[in-house]
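Heads up, the thing below is written out as structure tokens.
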Amino acid sequence: MEQNTIAVIWDFDKTLIPGYMQDPLFEKYGVDSEQFWKEVNSLPEKYQKRGIRVGKDTIYLNHILTCVQQGIFKDLSNSILNNLGEQLEFYNGIPEIFDVLKKIVSEDSRYQEFSIHVEHYIVSTGLSEMIKGSKINKYIDGIWGCEFIEVPVRSNLDIRVDETSEKSIISQIGYMIDNTSKTRAIFEINKGVNKHPDRIDVNSKMEKKDRRVPFENMIYIADGPSDVPVFSVVKQYHGKTFAVYPKGNYKAFKQMENLIRDERIDMYAEADYSEGTTAYMWLTENVKNIADKIYNERMQEVYNSAGEVPSHDVYR
């Protein structure tokens with residue numbers, strides 16, 4: 001692997017947008033968002049009483065499907081979710097910062113010599129289809145999020161006539177990611193699974209030199225305590241970690257202080273990525289620092305491979 005990729009990895013809710021991406025869904029169907037999340041938060045205890053353990057981060061997906069079945073989210077499809085993504089409103093400086101971070105590397109002739117470049121990834125417990133429908137999608141190189149199946153693949157064990165509706169309505173969970181399994185996505189980026197899915201598995205044993213994106217070439221940006229598993233992994237392997245909080249939110253600010261104290265993050269700032277803000281300056285500076293590191297390593301390899309220049313004294 002050339003290891004010339006800088007991976008900037010973003011959480012989504014409260015990192016790129018002020019709230020939760022599902023808000024446009026609730027607005028479309030006239031559902032009280034607070035009531036929905038109150039129901040979701042009560043589900044683990046209710047199912048525990050039935051002797052069933054559920055994932056706290058992902059049970060909301062099941063509740064969405066329950067609402068579809070009850071007609072609350074009538075005929076909800078992936079296409080509708082994609083269209084709802086267009087309504088998402090982002091923090092200041094988004095999506096401009098995505099382009100800025102790519103250009104400060106791609107437009108530098110030194111970095112071009114070794115094809116050093118930036119890739120942006122989203123790793124979220126939210127809905128992939130809504131992210132794909134949002135205005136940032138064209139800047140993103142890969143998305144890890146939760147996905148729904150509309151028409152399940154039928155089993156051949158049943159030879160009866162298929163009476164299953166082919167109507168495009170979400171009916172099953174296809175892929176889910178929680179705050180702990182986000183770390184799997186980080187290792188997939190590290191090993192290059194997303195670029196070579198047929199050749200590389202996340203559990204494949206790989207030497208550090210064979211991994212596509214070394215951890216030290218990563219920057220992870222998120223909004224707080226729920227991202228501690230990923231913060232810990234990235235920092236453990238010498239990547240960079242950055243947290244954001246809403247302007248004026250003292251409680252969130254205190255959480256950032258705790259993350260710094262516990263050495264989970266390298267830096268934090270208000271969630272504003274406009275030019276001149278702390279977030280803008282820290283991200284651009286650290287992308288350039290990583291690019292410089294890669295460039296210097298490649299130049300050293302060139303010097304080492306060249307060996308010593310022959311002297312005329314050799315022939316005397």
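What follows is calculated from the coordinates using simple rules that are stated; it is not laboratory data. The structure displayed is predicted, hence computed values, not measured ones. All Cβ positions, even for glycine, are placed from backbone atoms using ideal geometry, and neighbour counts span all protein chains on display.
Based on other C-beta atoms within 10 Å, arrange 283, 157 from fewest to most. Mind showing how you got there, number by number?
Working: 283 24, 157 5.
Least to most surrounded, the residues fall as 157, 283.
Can you say what percent of the DSSP beta bridges in the chain, counting only those with both residues inside, are antiparallel? Round to 5.
Values: 3 of 26 bridges.
The antiparallel fraction comes to roughly 10 percent.
Report the extension gain between residue 41 and residue 75 in nm, rounded to one decimal, defined as 0.36 nm multiplied by the number of residues separating them, less their alpha carbon distance. Mind dumping the intermediate values first?
Numbers: separation 34, 0.36 × 34 = 12.24 nm, distance 2.45 nm.
Once the chain is fully extended between residue 41 and residue 75, it gains 9.8 nm.
Let me know the charge dipole size of segment 42-117 about its Cα centre in debye, to the nearest 20, where only the beta-carbon of Lys, Arg (+1) and Asp, Glu (-1) is charged. It would help to have the intermediate numbers written out before the result.
Numbers: 9 positive and 10 negative charges, 157 e Å.
Computed charge dipole of segment 42-117: roughly 760 debye.
With +1 on each Lys and Arg Cβ and -1 on each Asp and Glu Cβ, how big is the dipole of segment 182-238 about its Cα centre, in debye rounded to the nearest 20? Walk me through the numbers before you get to the answer.
Details: 11 positive and 8 negative charges, 43 e Å.
Its charge dipole is roughly 200 debye.
Could you tell me the convex hull volume per residue, in Å³, taken over the Cα atoms of the chain?
Cα-based convex hull of the chain, divided per residue, equals 199 Å³.
Over segment 1-96, consider all pairs of different Cα atoms and compute the Kirkwood hydrodynamic radius from their mean reciprocal separation; express it in Å, one decimal. List each step's numbers first, then the result.
Details: mean 1/r = 0.0634 Å⁻¹.
One decimal place: 15.8 Å for the Kirkwood radius.
Between residue 92 and residue 232, take the C-beta separation as r, use R0 = 41 Å, and let me know the FRET efficiency to the nearest 0.05.
Numbers: r = 29 Å, r/R0 = 0.71.
So, using R0 = 41 Å, E works out to roughly 0.90.
Have a look at 175, 159, 98 and report the one farthest towards the positive end of the charge dipole of segment 89-201, computed about the Cα centre with Cβ charges (Lys/Arg +1, Asp/Glu -1).
Of 175, 159, 98, it is 98.
Which ³J(HN,Hα) values, rounded to whole Hz and listed in residue order, are derived for segment 182-192 from phi using the Karplus coefficients 6.51, -1.76 and 1.60 in 6.51 cos²θ - 1.76 cosθ + 1.60 with θ = phi - 60°, glycine and proline given as x?
4, 5, 4, 4, 4, 5, 5, 5, 4, 8, x
In degrees between 0 and 90, to the nearest 10, how far off the longest principal axis of the chain does helix 278-306 point, with axes built from Cα atoms?
Taking Cα atoms only, the helix is inclined about 50 degrees.
Please work out the Cα center distance from segment 14-65 to segment 120-163, rounded to the nearest Å.
18
Grab the other residues whose beta carbon is less than 9 angstrom from that of residue 15, score K and R as +1, D and E as -1, and report the net. The partial results should precede the final answer.
Working: positive: 14; negative: 11, 13, 223, 227.
Local charge sum for residue 15: -3.
Classify segment 216-316 as rounded, prolate or oblate from the Cα gyration tensor: take a ≥ b ≥ c as the square roots of its eigenvalues, call it rounded if a/c is under 1.5, otherwise prolate when a/b beats b/c and oblate if not. Could the numbers behind the result be given before it?
Numbers: a/c = 5.24, a/b = 2.85, b/c = 1.84.
Here segment 216-316 falls in the prolate category.
Amide H to amide H under 5 Å from residue 6: which residues, 5+ apart in sequence or cross-chain, H placed 1.01 Å off N in plane?
Those qualifying (amide H under 5 Å, at least 5 residues apart or on another chain) are 117, 118, 119.
Please work out the FRET efficiency for the pair residue 205 and residue 149, using the Cβ-Cβ distance as r and a Förster radius of 45 Å; give the result to the nearest 0.05. Each step should come with its number before you reach the end.
Numbers: r = 32 Å, r/R0 = 0.71.
Efficiency for this residue pair is about 0.90.
In debye, nearest 20, what is the charge dipole magnitude of segment 1-144 about its Cα centre with +1 on Lys and Arg Cβ and -1 on Asp and Glu Cβ, if you could check? List each step's numbers first, then the result.
Working: 15 positive and 21 negative charges, 137 e Å.
Once rounded to the nearest 20, the dipole reads 660 debye.
Please go through the residue pairs 14/135; 182/247; 135/247; 56/195; 138/191 and name each one whose alpha carbons sit more than 19 Å apart in this structure.
Check vs 19 Å cut-off fails for 182/247; 135/247; 56/195; 138/191.
Report the local net charge at residue 196: Lys and Arg +1, Asp and Glu -1, summed over other residues whose C-beta lies under 11 Å from its C-beta.
Details: positive: 191, 195, 199, 212; negative: 188, 198, 201.
Counting the neighbours of residue 196, the net charge comes to +1.
Ignoring everything except DSSP H segments at least 4 long, calculate the 222 nm mean residue ellipticity for the chain; use -39,500 (n - 2.57) per segment, divide by total residues, nearest 500.
Mean residue ellipticity at 222 nm (helix-derived): -12000 deg cm²/dmol.
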